[in-house]
Amino acid sequence: MGGPSIERDVSLKTGHAVAQACHELGHETVELSFRTNYKKFLPELRSMDIVFNGLHGTVGEDGIIQAWLDENDIQYTGSGAFSSAMCMNKDKSKNIARNLGLLTPDWEIIHRIDDVISFPTPVVIKPNHQGSTVGISIVHNISEKSTAINEAMKYGDNIMVEKYVSGREITVAILGEEALPIVEINSNNELFDYECKYTPGMSNYICPALLDDNLTNDIQKNTKIIFNAL
């Protein structure tokens, strides 16, 4: 847990919560935290039955640590190296979704602040490789473009510009091969951003979401399709 990314603090909270749950279930658990040098833990990891990956963002979710664990024959939770890398790349993930016939808003990738955006506002501008809604802006007027791109470019020079689609925010988790009940998210800000995700009281959650059975089944079915593809 921990790691070098901007999501380090969230990762530490994740790790502590998982360790506490494991202790309560009777499992012997060791918490390992790092900023940059995770390889120093190799001797200790070799003695473990499994590594529960509590990392967020760079290194932890993009396939880097997964590939290293694979190379050293260490068992771990979560997706493998290839899937992790694909999921962290929004452009590649959306291409896969579209090729499967799943609906996803139109998008393009830009690299410079003076690149022309093909879509009319409103648009969403975000880093192509980042999590936790970090660096994301909703641009309602083209005059806001430069500020939004500058914010996104703090986290890399591949920037996604996506058509903005107004609607209800829902999320579906997959556990094993099962799609869990749909959760609807109502946040205090216009965007379900970092603050709303991790600050108590900034969002409320409805589970299961108030959707009719047909729509619920369609959403869960499509979630499993993209999950299995990635």
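Exactly one residue among Lys94, Lys90 is within 20 Å of Ile6 (Cβ to Cβ) and not hydroxyl-bearing (Ser, Thr, Tyr), and that residue is Lys90. Taking residues in region 12-33 that are under 17 Å from Leu55 (Cα atoms), and partners anywhere that are outside any loop (DSSP other than H, G, I, E, B) and among the hydrophobic types (A, V, I, L, M, F, W, C), the pairs with Cβ atoms closer than 7 Å and at least 6 places apart or on different chains are Thr29/Ala19; Thr29/Cys22; Glu31/Ala19; Leu32/Phe41; Ser33/Leu12.
To keep it simple, each residue is scored yes or no on (1) aliphatic (A, V, I, L, M); (2) in contact with a strand residue (DSSP E or B) (Cβ under 7 Å, 6 or more places away or on another chain).
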position: Leu100; (1), (2): yes, no
position: Asp115; (1), (2): no, no
position: Ser118; (1), (2): no, yes
position: Val124; (1), (2): yes, yes
position: Thr133; (1), (2): no, no
position: Thr147; (1), (2): no, no
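Okay, residues lined up against (1) more than 22 Å from Ser83 (Cα to Cα); (2) at pLDDT 95 or above; (3) out of contact with any Phe, Trp or Tyr (no Cβ under 6 Å at 6 or more places or on another chain):
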site	(1), (2), (3)
Val124	yes, yes, no
Gly135	yes, no, no
Ile149	yes, yes, yes
Leu191	yes, no, yes
Leu211	yes, yes, yes
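The listed residues are Ile174, Ile159, Ile185, Ile149, and the only one of them that is surrounded by 17 or more Cβ atoms within 10 Å (Cβ to Cβ) and not assigned by TED's automatic domain parsing to the domain that holds Ile113 turns out to be Ile185. Of all residues in region 72-107, exactly one satisfies the criterion of being farther than 25 Å from Leu175 by Cβ and surrounded by 17 or more Cβ atoms within 10 Å (Cβ to Cβ), namely Trp107. Which of the residues belonging to region 66-86 are assigned to a helix (DSSP H, G or I) and out of contact with any Gly (no Cβ under 9 Å at 6 or more places or on another chain)? Trp68, Leu69, Glu71, listed by residue number.
Confirm whether Gly57 is modelled with pLDDT under 95 and under 21 Å from Val10 (Cα atoms). For Gly57, the condition - modelled with pLDDT under 95 and under 21 Å from Val10 (Cα atoms) - is met. Thr58 meets each of the listed conditions (1) surrounded by fewer than 18 Cβ atoms within 10 Å (Cβ to Cβ); (2) in a loop (DSSP other than H, G, I, E, B) apart from (1). Among the residues of region 42-52, is there at least one that is surrounded by 12 or more Cβ atoms within 10 Å (Cβ to Cβ) and assigned to a helix (DSSP H, G or I)? Looking through region 42-52, at least one residue is surrounded by 12 or more Cβ atoms within 10 Å (Cβ to Cβ) and assigned to a helix (DSSP H, G or I).
The values are calculated or read from the model by the stated rules, or taken from the named source; none is laboratory data. Just so we're clear, the structure is a prediction, and the values are computed from it rather than from any experiment. Here Cβ is always computed from backbone atoms with ideal geometry, including for glycine, and neighbour counts include all displayed protein chains.
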